[in-house]
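Q: One structure follows; several queries about it will come next.
The values are calculated or read from the model by the stated rules, or taken from the named source; none is laboratory data. Keep in mind it's a predicted model, so treat the numbers as computed, not measured. Quick reminder, even Gly has a Cβ in these numbers, built from the backbone with ideal geometry, and neighbours come from all protein chains shown. When the accessible area is computed, the model is the full protein with side chains, heavy atoms only, and any ligands, DNA or RNA have been set aside. Shrake-Rupley method; radii C 1.70, N 1.55, O 1.52, S 1.80 Å.
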Amino acid sequence: MKILVINNQLEQKHIDLIKQTAAELGATVNFYKAEADIPESDFDAEIIYGFAPSIVKTSKRLKWLCVPWAGVDSIMTPGYFANEECLLTNSAGAYGVSIAEHMIAVSLVMMRRLNEFMEETRAGQWFSPRAQRSIKDCRITVLGTGDIGTTFAKRAKAFEPAQIIGVCRSGKSSETVYDKVLPVSELDKVLPETDLLAMSLPATPETKGILSRERMALLPEGAYIVNVGRGSAIDEAALADNLESGHLAGAALDVFQTEPLPEGNRLWKTKNLLITPHVAGNMTLPYTKDKNVNMFLEDLRNYKEGRPLKYLVDRRLGY
């Protein structure tokens, strides 16, 4: 059993742990910083932890691809895998803490208007206090109640919001952090009662354009939007219009329809829009790296013992 690990962000302790586990399972493992470093002699690998399109698209010997990120929409097109039976797992579950902290941070920046203060003080200006908002007593709607959305909801709960409503495909959740959970079919009913809309949806045909111009109009004046899922979920032109008109008080986007966001795009200069360059997740926190590697090793043991993989992607659903 040959394993390839392609990742330039692992620390020595992670490399040692993967080597130790592979040895215990009777597997060989080779580490590479980038796909370009992989010799042709390793194109026959059975397992990849990382990503190497040149192997995925050509090798029928590849039996399991574990990608170290959550979203897999870019590799779900028919025919992408040379071996259509290749198992696909992702690392959804590793990024909840990192992305939830980002969501809390940008929500506070917008609602306490810290971005405005920062721009003014950098310019040497000392202005008087102005009206601000609080997460306390805020009506929060979490659109997407998976690991990321729920981890955010648990942290937001500590700020004593008026309510936290979850919205997801099934309309069901075992998590008690939500005051109630609704199916997507009832999204239009909850939007008028939403002060902060937190979006963490995967990219699927059902989620594309889910926050349309018509739905933005349902949000109350002065509402905020945070999106850390996929840029395809939002009508960006409508968002810009609603921010410029003042209907929305602010929005924080970490994801966009086109990435990197093109030079000259209207969003760069849109009023009250906080832009971050898809950095809410990534393997930048020590906790995230540890969790990511441990999830792979958990499923590596499952794979070796012939058990179902815990983090298997459902290709019908796209996540």
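Q: May I ask for the distance between the Cα centers of the stretch 202-253 and the stretch 116-173, given as a whole number of Å?
A: Comparing the Cα centres of the stretch 202-253 and the stretch 116-173, I get a distance of 15 Å.
Q: With the crude spin-label approximation of a point 7 Å out along Cα→Cβ, what separation in nm comes out for residue 9 versus residue 134?
A: About 3.6 nm separates the two model spin labels.
Q: Please list 3J(HN,Hα) in residue order for the stretch 203-214, calculated via the Karplus relation 6.51 cos²θ - 1.76 cosθ + 1.60 where θ = phi - 60°; whole Hz, with x for glycine and proline.
A: Taking θ as phi minus 60°, the curve returns 8, 9, x, 6, 8, 4, x, 5, 9, 8, 4, 5 Hz for the stretch 203-214.
Q: Kirkwood hydrodynamic radius of the stretch 52-193 from all distinct Cα pairs, in Å?
A: For the stretch 52-193, inverting the mean 1/r across all distinct Cα pairs yields 18.3 Å.
Q: Right, next: In the stretch 175-319, with Lys and Arg counted as +1 and Asp and Glu as -1 at Cβ, which of these residues, 242, 220, 306, has the Cα nearest the positive end of the dipole, that is, farthest along it?
A: 306
Q: Here is a further query. Accessible area of the chain with a 1.4 Å probe: how many percent of it is carbon plus sulfur?
A: 52
Q: Shifting gears a bit: Can you work out the Karplus-derived ³J(HN,Hα) for every residue in the stretch 142-155? Use 6.51 cos²θ - 1.76 cosθ + 1.60 with θ = phi - 60°, whole Hz, and x for glycine or proline.
A: For the stretch 142-155, the Karplus curve yields 9, 9, x, 9, x, 4, 5, x, 6, 5, 5, 4, 5, 6 Hz.
Q: Here's something else I'd like to know. Along the Cα→Cβ direction, 7 angstrom out, place labels at residue 69 and residue 19. What is the inter-label distance in nm?
A: In this crude spin-label approximation the distance works out to 2.8 nm.
Q: Accessible surface of residue 69 in the full protein assembly, 1.4 angstrom probe, to the nearest 10 Å²?
A: 80
Q: Right, here's the next one. Which of the listed residues, 93, 128, 115, is farthest toward the dipole's positive end in the stretch 24-170, when Lys, Arg count +1 and Asp, Glu count -1 at the beta-carbon?
A: 128
Q: All other residues with a Cβ under 12 Å from the Cβ of residue 191 taken together, and with Lys, Arg as +1 and Asp, Glu as -1, what is their net charge?
A: So the surrounding residues net to -2.
Q: Okay, next question. Measure off 7 Å from each Cα along the Cα-to-Cβ vector at residue 158 and residue 34, then give the distance between these two points in nanometres to one decimal.
A: Taking the two extended label points, one gets 3.9 nm.
Q: Right, another one. Run lengths n ≥ 4 of DSSP H only: what is the helix-derived mean residue ellipticity at 222 nm for the chain, with -39500 (n - 2.57) per run over all residues, to the nearest 500?
A: Per the formula, -8500 deg cm²/dmol.
Q: State the extension gain, in nm to one decimal, for the chain segment bounded by residue 120 and residue 316, taking 0.36 nm per residue of separation less the distance between their alpha-carbons.
A: Computed gain between residue 120 and residue 316 is 65.6 nm.
Q: Next question, about the same structure. Just how much of residue 159 is accessible, in Å², when a 1.4 Å probe is used and the result is rounded to the nearest 10?
A: Surface accessible to solvent at residue 159 totals approximately 80 Å².
Q: Tell me the per residue accessible area of the chain using a 1.4 Å probe; a whole number in Å² is fine.
A: Roughly 49 Å² per residue, with all protein chains present.
Q: Provide the gained length on full extension for the span residue 247 to residue 294, in nm with one decimal, where the gain is 0.36 nm per separating residue minus the Cα-Cα distance.
A: 12.5 nm
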